[in-house]
Amino acid sequence: MIAARLGRTAIGRAALETRSRWKTFALSVVLGAATVLAAVGLLTASGYLISRAAERPEILSLTVAIVAVRFFGISRALLRYGERLASHDLAFRTLTDLRSRFFDRLVPLVPGGIDQARKGDLLSRFVGDVDRLQDLYLRGLAPPLIAIVSSLVCVAIAAVILPVAGLALAVMLLLGAIASPALTRWASRTAGRRQAAARSGLSVDLLEIANGGAEIAVAGREDDWLERVDGSNREVARLQRRDAVNGGLAVGLTTFLSVAAAVAVTAAAIPAVADGQVNGVLLAALALLAMASFEAILPLGQAAAGIDACGEAASRLEEITGRRPPVAEPAAPQPLPPGGVLRFERVGFSYGSGAADRSDGAAPVLADLDFEFGQGEAVALTGPSGIGKSTLAELMVRFRDPTAGRITLGGVDLREFDGAALREAVRLAPQDAYLFDSTIRQNVAIGRAGVDGERIVAALGEAGLEDWINELPDGIDTFVGEGGARVSGGQRQRIAAARVFISRARFLVFDEPTAHIDPDGAAALERRLAGRAGSGCGVLVVTHEISDPGNFDRVLELDRGVVRELRPG
Amino acid sequence: MAPAQGRAPGASRRARDTQRRLARSSRTARNHLIVTVGLGLATTLLIIAQATLLAKVIAGVFLGGDDLADVAGLLGWLVAISVARGLVGAGFESSGRFGASKVMAELRSRLAEHLLLSRPGGLQRESSGELVTSAVDGVEALENYFARYQPQLVLAVTVPVAILVWVVPYDWKAAAILGVTAPLIPLFMILIGRLTENRTRDRWQLMSRLSAHFVDIVGGLETLRANGRAGSQADSIARVGEQYRRETMGVLRIGFLSALVLELLAMVAVAMVAVTIGVQLAGGHMTLVAGLTILLLAPEFYMPLRQLGNQFHASVDGMAAAERVFEVLDQPASVEAPPAPSPAPDPARGPIEFSRVGFGYEGRATLFTDLDLVIEPGETVAMVGPSGGGKSTLISLLLRTAEPAGGAISCDGVDLSEVDPRAWRRRLTWVPQRPTIFAGTVAENLRLFDPDAETEALREAVRMTGLEQLVEQLPDGLSTVVGEGGRGLSVGQCQRIAVARALLSPAPLVVFDEPTAHLDGETERRVVAALDRLTAGRTALVVSHRDRPVLSADRVLRLRDGSLSEVRPDLKGATA
C-alpha cells in the first residue's frame, strides 16, 4: 500500500527505484537517531548527575550516573562515525542504481525520441538530475525519519518522568518540525518564483556581453549594454534583499523554538516539583533533555528544500524517460536475409503531433520516397541542411520508423527485424561523431566486439590515419581526451569512420562525415568512404556539400521530401 | 554538495584565498563582517545569560523550594532571551543574504565592465555560459559563506573565550578542561586534515572518474546504440559503480577518522566537565547554580568549533562562484588606452600598415613573428589559409581587441597604440565568424552599428542580403523579437543579419571573417553580391576559405605558417 501511494508522485517513483536498498537506509536512520539520542543521553545524565551530587550523597552512589555520562560521550562519537559510513555507502549504492536504471530507460529514446536541437542540453540535464536524486535518502528522507524516531524517544523519556513535561516537549518539537521546514520552504519558493524572471533577464544580458562583447565594442555601444546590465542587476539585488528577510525569519523561528523548548519544559515541570510530585533532582535533566532533543529538528528546513529539489529532478527525468520509444521491437523477429537490397517503398515521414521532439507541427519531412541501394554501390545523398537527410539515415537503422510506406531489406519490412540485429547489418555513423574518453583502440573497437589490434590499425589506415598513428608515441593506445578534445576535427571524423569500417555490416551509412574538416581533408575522406564499396559494402554518404561527384556511383538529391537522381557519376 | 562527492584537492586552500580577496576587494564584504561580529557578540552574551538564568531557576526550585510564582520573573527573562536569540539568528541569516546579494551585484557590475571595456571578446565562448551561471546564481552559494560560515567563524572565537572567562571564577578545574581541549580541536583538524589529504584526493579522483564515465556513456549513447553496444552499458554502470564504491569506502573508513577524533574530543570533554562538577558538588566545593551554569555552557562551548568544519565545506561552493568571476577579472585588459590618445586616423585617407607584427597566445606556439601587410585606402584584400593559421587573430589585431606582441600597426602614419581603441573602432565595421543576435527586435539588431538608421535603409539592407523572405514570414516583420527568449534563427539567417548590420554602418573600413560560411549556394551568391556593394569605395579585409567571397578582391593573400604570400590572380580558385 505504501508502494502504491509512493508511486503516485515522480519523487515517490524515484524512491521506489532503489527500494532494494531499504536495509542500508534503515541502518543509517537508526544510527542517525542513535547519534542524536547519545547527545541527549549525555546531557540528561549530566543534569541528573550534578543535581544528585548537589544533594551531597556518598560519591559511590554517583557511579552509575558517572559511567552513563562517559558512555554516552564516547558512544556519540562512535555512532556518528558509523552513521557517516553507512550513509555514504547508501549514497554510492543508490547513485549506481539510479544511473543504471535511468540509463536503461534512456537507451530506446536516443536519438529518435528526443529533440535533436536540444540533445546536448537534454542529456547533460539528465546526468545532473540523476546525480541530484542520490540526495533523496540522505538529505531528504533520512532527516525527517531520524527526527521522528529521536523525538518520540525523547518525548517518551520526558513523559515517564512527568507526563506534562512530555506533553510540553512534544508540542515544542512538533511546532519546530512543522513550522520550521514549512517556513523555510515557503521562503525559498517565494524567492525562487519572484526572482526567476529577473534572473533570466540578467543572465541574457551578461551572456550577450560575454559572447557578443567584441561586437558591442566595435559598434561603440558599450554604454548602452552597461546600462542594461545595471538595471537588471539592481532589480535582482532588490528582490534578493526582500527575500533575505523571509529566509531570516525561517531561521530565527527555529532558533527561538529550540531555546524556548527548554524554558517551556522547565516551566511545565516546576509546579510538579514544588508539589513534590516529581523529585527535583530530575528538573535539570528535563531541561537539558529538551535542549538536546532539538538537534534532530534543525536539519529539517534543509531537508524540505532537498526533497523539493529531488522532486523537481524526478519530474524532469520522467519528462524524458516517460516518452514513448519511437520504435517498437517485434514480438517474433525475423532472421536477417543473407543478401538483398535496401529499398524505400513510398516512404513518408512526419514528426507527428504526438512526437515530443519537434514543436513546429506535423509537416511531412519525407513524402512518397522511393529509392533503393545495394551492396557494392557507393551513393551520395545531398540536399540543404534541415531537409530531412539525417531522418532518412535514421530510418535505415530503425532509430525511427516511417509514418507511411515501408523500408525493406531483402524484401522483408525492417519492422520485422530485431533492432540490434538490423544494426549489425546496417551500420550508421551518426552526425557529430562521438569519441569516448578512452584510447583510440577502444574507440575503434566499439564497432566490433573482441577485435584485435592489427585490424584496428588496418581500419585506421583505411580511414587515412596511418601516418598520424605511426607518429604517436603510444600509437593506438593514445588517449583521445574528454569528448575527443585531444584530436582534431578531421582525426575525430576519421576515427569514427574506422569504427564503421571495422564492423561486419553490409551497408554503411555516414551522416555528414566531412563536416568540420577543411576542404582538402573532406575530399580525401569522402574518397576513402566511397572506396569501401569496392569491398562489397553498400555505402551511403549523407552530406550537405559533396566534394567530388566522381567518387560515387550515384548522386541523389533530397528536396522537399523527394529523392531526385542528380547525375550518374 | 552531494554527500558522496568529494572536492577537488586544493579547493579549501583556494577558497581561503578567495575569502581574503573578497574581504579586501569588496567594501560590502568588509561592512558585513562588522555586522556579523556585532551579532556574534550579542549571541555570546545571550548564551551566557540564558545558561545562568536557567541554572538559577532550576536550583531555586530544586533546592530553594521556589514555586512557579517565585521564578516567574526569571522565566519571563528567559522567554525574552529566546526571542532575542531567534532575532539574532534571523539577523545572521538575512544580513548574510543581504551581503551575498550585494557582493555578487558588485562583482557582476565589474564583470560586465571588464568584458565590455577591458577585454571585449576576450572570453572563450564555451566557458561563457558557465561564467554567467556563476555570476547570476553564485549568490545562493555565497549565502552559505556569509550567512553560515562567517558567523560560525566569529562565534568560534567569541563564544569559547567569553565562556572561559565566565567559568574561571566559578571553577578553575572545569575551566582547565575546556581551556586545554578547545585549542586541540582546530589543531587536530589541521593535523588530521594534512594526514588524510592524500586520501581525500584519492577519493575525489575516484568519484570524478565515476561521474565522467557516466557522462561519457550518456553523451555517446547514439553511437553506442548504432554499434549495438548500448545493452551492455547498464551492466557496466553497475559493475564500475560497485567497484568504485568499494574502493571509496575503503578510503572513507580512514578519512572519517578525523571527524571521529574531533567528536570524541568534544563529547568526552563535556562528560569530563560534568563528572568534575559532580564530584566537586558532592564534596560541597561548589554551588548548584555554578555547576549547572557550567554544564549548560559546556556543549555551547564546543558547538561553534565543531560546526566550523562543516560550514567551511558548505562555503567552498560559494567561493568557487566568486573565484570564477575573479579569474576573469584578473585577466589584464587586452588593449590599454593610451593616457594622451591621438585622434583616430581615417582608413579612407591613408593606408593601414602592419610592420613586423608578432603574436602568439599564451601557452601555445607563436602564430607569427614578422608579419608585414599594407592595405591601401579603398582596396579590398582577401585572406585565405588553413584554419588555425591566425586569420581571425589578425582581424582581432586590426579591431584592437588584441595587442600585438611585437611590431606595430598604423593607419595613415599614426601608430594605433597611440589611439584610443574605442575611437579607432568607430572607423570600422565587422562581420564576425559567429555573429551574436541580441535579444530584441530584428530592427534593433540591424541598428547595432547605427542606432539612428532609417527604416527605409533597414529594408534596403534586408533586401540586399536576401532576408526579405524571412522578414515577411515573421509575425511582426522587423519588429519581431529574436534572440534569447524570442524567435530562433538559423545560423545562415544570423550570418545574413550580421552582413545587413554592416551594410548600415557608415564606417570607412570593413572587416569580414568567413562571411558566407554556413550558407548554401544560392544564398551565398546573394550575400557576396551585397558584400561587393558594401566594399565598393571602402577599405576592406575579407577572410574566407571559400572561393566566392574572394573572387572580386583586389588582392588575395595566403596566411600559412606565420607568413603572408600573395596568391597569383590566376590561382585564386585554389584557396585552401
Could you list all residues from the range B:418-438 that are assigned to a helix (DSSP H, G or I) and surrounded by fewer than 21 Cβ atoms within 10 Å (Cβ to Cβ)?
-> B:418, B:422, B:423
What do you reckon, is residue B:379 open to solvent by 10 Å² or more (accessible area, probe 1.4 Å) and modelled with pLDDT of 90 or more?
-> yes
Per the filter on the range B:272-290, residues of a type outside the set (Ser, Thr, Tyr), in a helix (DSSP H, G or I) and in contact (Cβ under 8 Å) with a residue 60 or more places away in the chain are B:272, B:273, B:277, B:280, B:288, B:289, B:290
Residue B:225 open to solvent by 20 Å² or more (accessible area, probe 1.4 Å), without any contact (Cβ under 8 Å) to a residue 12 or more places away in the chain, part of a helix (DSSP H, G or I) and touching a helix residue (DSSP H, G or I) at 6+ places or on another chain (Cβ under 7 Å) | yes
By residue number, the members of the range A:459-478 that are closer than 15 Å to residue A:521 by Cβ, without any contact (Cβ under 8 Å) to a residue 40 or more places away in the chain and open to solvent by less than 30 Å² (accessible area, probe 1.4 Å) are A:465
Only one of (1) open to solvent by 30 Å² or more (accessible area, probe 1.4 Å); (2) out of contact with any Gly (no Cβ under 8 Å at 6 or more places or on another chain); (3) at pLDDT 90 or above does not apply to residue A:546, and that is (3)
Qualifying residue in the range A:34-44 (condition: surrounded by fewer than 22 Cβ atoms within 10 Å (Cβ to Cβ) and among the β-branched types (Val, Ile, Thr)) | no
Report yes if some residue within the range B:334-343 is over 30 Å from the mean Cα position of the chain (by Cα), surrounded by 21 or more Cβ atoms within 10 Å (Cβ to Cβ) and at pLDDT 85 or above; otherwise report no.
-> no
Got at least one residue in the range A:97-113 being among the hydroxyl-bearing types (Ser, Thr, Tyr) and at the interface with chain B (Cβ under 7 Å from one of its Cβ atoms)?
-> yes
Of all the strands (runs of 3 or more DSSP E) wholly in the range B:331-417, which have at least 3 residues that are closer than 21 Å to residue B:432 by Cβ?
-> B:352-360, B:366-375, B:380-384
With a cut-off of at least 1 residues that are at pLDDT below 80 and either β-branched (Val, Ile, Thr) or at negative phi (or both), name the helices (runs of 4 or more DSSP H) lying wholly within the range B:446-548.
-> B:491-503, B:521-535
Of residues in the range A:1-25 being among the charged types (D, E, K, R) and in contact with a helix residue (DSSP H, G or I) (Cβ under 8 Å, 6 or more places away or on another chain), the one modelled with the highest pLDDT | A:21
Based on what the data block shows, is residue A:61 more than 47 Å from the chain's Cα centre (by Cα) and either assigned to a helix (DSSP H, G or I) or surrounded by 15 or more Cβ atoms within 10 Å (Cβ to Cβ) (or both)?
-> yes
Matching residues in the range B:49-79 - criterion: being in contact with a Leu (Cβ under 7 Å, 6 or more places away or on another chain) and more than 7 Å from chain A (Cβ to nearest Cβ) | B:51, B:53, B:55, B:56, B:59, B:74, B:77
What number of residues within the range A:403-437 are out of contact with any helix residue (DSSP H, G or I) (no Cβ under 8 Å at 6 or more places or on another chain) and within 10 Å of chain B (Cβ to nearest Cβ)?
-> 4
Count of the range A:368-393 residues which are surrounded by 18 or more Cβ atoms within 10 Å (Cβ to Cβ) and in a strand (DSSP E or B) = 8
Residue that is farthest from the other protein chains (Cβ to nearest Cβ) [pool: residues in the range B:287-300 that are of a type outside the set (Val, Ile, Thr) and buried (at least 24 other Cβ atoms within 10 Å of the Cβ)] | B:297
Would you pick out the residues in the range A:179-222 that are over 26 Å from the mean Cα position of the chain (by Cα), charged (D, E, K, R) and at the interface with chain B (Cβ under 9 Å from one of its Cβ atoms)?
-> A:205, A:208, A:215, A:221, A:222
With respect to residue B:227, is the statement that it is under 24 Å from the mean Cα position of the chain (by Cα), within 14 Å of chain A (Cβ to nearest Cβ) and either among the polar types (S, T, N, Q) or over 30 Å from residue B:112 (Cβ atoms) (or both) true?
-> no
Look at residue B:322 and say whether it is open to solvent by less than 10 Å² (accessible area, probe 1.4 Å) and closer than 17 Å to residue B:263 by Cα.
-> no
Among the candidates A:504, A:564, A:486, A:499, residue that is assigned to a helix (DSSP H, G or I) and of a type in the set (Lys, Arg) = A:499
For residues that are of a type in the set (Lys, Arg) and either touching a Cys at 6+ places or on another chain (Cβ under 9 Å) or farther than 15 Å from residue B:449 by Cβ (or both), tally how many sit in the range B:418-432.
-> 1
The range B:241-260, residues that are out of contact with any Leu (no Cβ under 6 Å at 6 or more places or on another chain) and facing chain A (nearest Cβ under 8 Å) = B:241, B:242, B:245, B:249, B:252, B:253, B:256, B:257, B:259, B:260
Determine if the range A:397-412 includes at least one residue that is closer than 21 Å to residue B:221 by Cα, outside any loop (DSSP other than H, G, I, E, B) and at pLDDT 90 or above.
-> no
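Matching residues to (1) within 25 Å of residue A:519 (Cβ to Cβ); (2) at pLDDT below 90:
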position: B:387; (1), (2): yes, yes
position: B:402; (1), (2): no, yes
position: B:410; (1), (2): no, no
position: B:417; (1), (2): no, no
position: B:420; (1), (2): no, no
position: B:424; (1), (2): no, no
Take the range B:95-113 and flag every residue that is touching a residue at least 12 places away in the same chain (Cβ under 8 Å) and open to solvent by 20 Å² or more (accessible area, probe 1.4 Å).
-> B:95, B:97, B:98, B:102, B:106, B:110
Within the range A:438-462, the residues that are more than 14 Å from chain B (Cβ to nearest Cβ) and among the hydroxyl-bearing types (Ser, Thr, Tyr) are none
Hey, could you check the range A:92-133 for residues that are more than 12 Å from the chain's Cα centre (by Cα) and of a type in the set (A, V, I, L, M, F, W, C) and say which is modelled with the lowest pLDDT?
-> A:117
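The values are calculated or read from the model by the stated rules, or taken from the named source; none is laboratory data. As the structure is a prediction and not an experimental result, all values here were calculated from the model. Positions of Cβ are generated from backbone atoms using ideal geometry, with glycine treated the same way; all protein chains shown enter the neighbour counts. Heads up: the accessible areas ignore ligands, DNA and RNA and are worked out on the full protein's heavy atoms, side chains in. Shrake-Rupley method; radii C 1.70, N 1.55, O 1.52, S 1.80 Å.
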